[in-house]
1. Quick one: in the stretch 148-161, which of the residues that are assigned to a loop (DSSP other than H, G, I, E, B), in contact (Cβ under 8 Å) with a residue 12 or more places away in the chain and open to solvent by 30 Å² or more (accessible area, probe 1.4 Å) is farthest from Ile84 (Cα to Cα)?
2. Quick one: how many residues across the stretch 170-188 are touching a Pro at 6+ places or on another chain (Cβ under 9 Å) and crowded, with 22+ Cβ neighbours inside 10 Å?
3. Could you list, in sequence order, all residues of the stretch 189-228 that are in a loop (DSSP other than H, G, I, E, B), open to solvent by less than 30 Å² (accessible area, probe 1.4 Å) and touching a Phe, Trp or Tyr at 6+ places or on another chain (Cβ under 9 Å)?
4. Quick one: would you say Glu135 is modelled with pLDDT of 95 or more, touching a strand residue (DSSP E or B) at 6+ places or on another chain (Cβ under 8 Å), open to solvent by 50 Å² or more (accessible area, probe 1.4 Å) and outside any loop (DSSP other than H, G, I, E, B)?
5. Which residue out of Asp36, Asp27, Asp80, Asp53 is in contact with a strand residue (DSSP E or B) (Cβ under 7 Å, 6 or more places away or on another chain), open to solvent by less than 30 Å² (accessible area, probe 1.4 Å) and among the charged types (D, E, K, R)?
6. With the structure loaded, tell me whether Ala50 is within 17 Å of Gly220 (Cα to Cα) and in contact with a Leu (Cβ under 6 Å, 6 or more places away or on another chain) or whether it fails that test.
7. Quick one: what pairs do we get from the stretch 31-42, first residue more than 23 Å from Ala183 (Cβ to Cβ) and in contact (Cβ under 8 Å) with a residue 24 or more places away in the chain, second open to solvent by 20 Å² or more (accessible area, probe 1.4 Å) and small (Gly, Ala, Ser), C-beta under 9 Å, 6+ apart or different chains?
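The values are calculated or read from the model by the stated rules, or taken from the named source; none is laboratory data. Every value quoted in this text rests on a predicted model; they were computed, and no experiment measured them. Neighbour counts run over all protein chains shown; Cβ positions are idealised from the backbone, glycine included. All accessible areas refer to the heavy atoms of the entire protein, side chains included, with ligands and DNA or RNA removed. Shrake-Rupley method; radii C 1.70, N 1.55, O 1.52, S 1.80 Å.
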Amino acid sequence: AMLSLSVAMAQDPPAVHPKSGEELVIDCLRGTVTVDGDLSDWNLSAMTPAVLDVAEQLNSGQASWDNVGDLGAEFYVLWDDVNIYMAVVVTDDKLSQNKTGGDIWNADAVEVFFSTLNAVGGCTEHYQYGFDFKEQKWNWCNMDGSGATEPAYLEVASSVTGDGYICEVAIEHGQMQSLDFSAGNTIGFHPVLDDTDNGDREIQMTWTSREAHDQSPGYGHLTLSDAELSPGNPPDW
């Protein structure tokens, strides 16, 4: 009986990359970092990021996108007993953010979704957070019913680079009460970039290429590892 139960509870497979067809799965190693916009305490070369960098990942704005120098990003993820950490290294040739609060998606911003592994429509089974190079932050969808607010439990620090910006983030994962943040578990993950050069959003690029909220065929997967991130030499930015 146990076997049939476990088969019945099998989760949906991860989404696949719209160009390569490879499954969108990354390991989330354990580690703790200081959220200050400086990534020298991350050993990025030992990590596998979620990468947004090709035309096939554009959900909108195909006519406005030239190449990865115009818009692209690598999303590096770590976790410990309290937080999930993200280092988002964005290429963006013109920074523009004239929105605030829940409207930050409509200019230059980063969005991340943490979800169940179910392929479902609507906002019922994910948490949606946003942040930007001005260190603004927002929580839209929330499975616990407390969304549409600025989340005090999300810490963000940013720095502008020669070809874009970095956002370093910590989210207290205990606040995502409907998801199980424990070693060996897998959660749904969907990173998203929003871009404008002068006003309202012109481009949305997503890991799956689908609209950010579209969980109906499933998101990518983030596997919570019990392996520690090894210390290493900081990257030369």
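1. Ala148
2. Selection size over the stretch 170-188: 2.
3. Trp207, Thr208, Ala212, Gln215, Tyr219
4. In short, no.
5. Every option except Asp80 fails the conditions.
6. Considered against the rule, which asks whether it is within 17 Å of Gly220 (Cα to Cα) and in contact with a Leu (Cβ under 6 Å, 6 or more places away or on another chain), Ala50 comes out as no.
7. Cβ pairs passing all conditions: Asp36/Ser159; Gly37/Ser158; Gly37/Ser159; Asp38/Ser159; Leu39/Ser159.
Let's see how each residue does on (1) of a type outside the set (Val, Ile, Thr); (2) modelled with pLDDT of 95 or more:
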site	(1), (2)
Gly101	yes, yes
Asn106	yes, yes
Ala109	yes, yes
Val112	no, yes
Ser115	yes, yes
Ala119	yes, no
Tyr127	yes, yes
Phe131	yes, yes
Asn139	yes, yes
